[in-house]
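Report on the structure given below.
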Amino acid sequence: LMDLPKPRGRTAQEWTDTHGQMISTGRPLYSAREIKLSCAMPCEGLGDVAQKATAVKEMFMSGDLISLTATIGDTLLPFLVYVDDEISFTRKWAGGKLIASFSVKLIEPEPLKRVYKATAASVKLAITTPTPVNVYWGDGKTQYDAQSSTIAHQYSDGKTSHIVIITGNINNLTSTLTTSSLLWNLL
């Protein structure tokens, strides 16, 4: 989860009268991140398997990106993902319990990001960037294609903190988010 995703290929050109290749230079661009989860859950019987399997499938059936959070040590790693393959369950008995197992393949379409923890009812984000970025405010609202400007956001869900994720080509991004702290900067 903490590794960079696969780099996208560089543009290369070969000439008939020169050796080797001429390639595009500059910072590499990256493909979407693929996350594979293998999960197991204890069940009381076949009815419980069916009920829990339905709940798992419903959790992944959202039309929006799904928030997935992992914690490694003190580091909070948020991912916005969608399901890319079927979810199928297997069942077996172990230690007198029925265990239902499944695997799920998730895709994070915007893998490079800057993550903040906002701790107020309203925040201001000042960004400077030559390319648009997306801002996921952590309350289900999103600001798409934000460019160099100051954006204000008001939270109305009553929560005391929110995880704000800025995605896109963030290599040239400078950002300041009021009443927040930077949690993770994956460049």
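How do 19, 162 stack up against each other in accessible area, from largest to smallest, with a 1.4 angstrom probe? Please list the in-between numbers first.
Details: 19 185, 162 5 Å².
Most to least solvent-accessible, the answer reads 19, 162.
Using the Kirkwood radius built from alpha carbon pairs, what does the Stokes-Einstein equation give as D for the stretch 86-187 at 25 °C and 0.890 mPa s, in µm² per second? Show your work: numbers first, answer last.
On the way: Rh = 15.7 Å.
This corresponds to a translational diffusion coefficient of 156 µm²/s.
Take the Cβ-Cβ distance between residue 37 and residue 119 as r, set R0 to 25 Å, and report the resulting FRET efficiency rounded to the nearest 0.05. Mind showing how you got there, number by number?
Details: r = 30 Å, r/R0 = 1.19.
It comes to 0.25.
What is the angle, in °, between the Cα long axis of helix 46-59 and the longest principal axis of the Cα atoms in the chain? Nearest 10 is fine, range 0 to 90.
20
Suppose only helical runs count, i.e. DSSP H with n ≥ 4. What mean residue ellipticity at 222 nm does that imply for the chain under -39500 (n - 2.57) per run, divided by all residues and rounded to the nearest 500 deg cm²/dmol?
Roughly -2500 deg cm²/dmol at 222 nm, from the helical runs in the chain.
May I ask you to order 33-46, 5-18 by the average number of other C-beta atoms within 10 Å around their residues, highest value first?
Details: 33-46: 13.3, 5-18: 9.8.
Listed from highest to lowest mean packing, they are 33-46, 5-18.
Taking a cut-off of 27 Å between Cα atoms, list the lysines near residue 92, but don't count ones fewer than 8 places away on the same chain.
Within the straight-line limit of under 27 Å, residue 92 reaches these lysines: 36, 52, 57, 105.
Using only the alpha carbons, work out the radius of gyration and Dmax of the chain in angstrom.
Looking at the chain, its Cα Rg and Dmax stand at 21.1, 72 Å.
If R0 is 30 Å, what FRET efficiency do you get for residue 141 and residue 50 from their C-beta distance, rounded to 0.05?
Working: r = 35 Å, r/R0 = 1.17.
Rounded to the nearest 0.05, the efficiency is 0.30.
Which one, 75, 116, 102, projects farthest toward the positive side of the charge dipole computed for the chain from Cβ point charges (K/R +1, D/E -1)?
75
Leaving ligands, DNA and RNA out of it, report the carbon-plus-sulfur percent of the accessible area of the chain at a 1.4 Å probe.
On the way: 5880 of 11460 Å².
About 51 percent, which is the carbon plus sulfur part of the accessible surface.
With the radius of gyration and the Kirkwood radius both derived from the Cα set of the stretch 1-97, what is their ratio Rg to Rh?
Working: Rg = 21.7 Å, Rh = 18.1 Å.
In the stretch 1-97, Rg relative to Rh is 1.20.
The values are calculated or read from the model by the stated rules, or taken from the named source; none is laboratory data. This is a predicted model, so every value here is computed, not measured. As a convention, Cβ positions derive from the backbone with ideal geometry for all residues, glycine included, and neighbour counts pool all protein chains shown. Remember, those area values only see protein heavy atoms, side chains included, never the ligands or the DNA or RNA. Shrake-Rupley method; radii C 1.70, N 1.55, O 1.52, S 1.80 Å.
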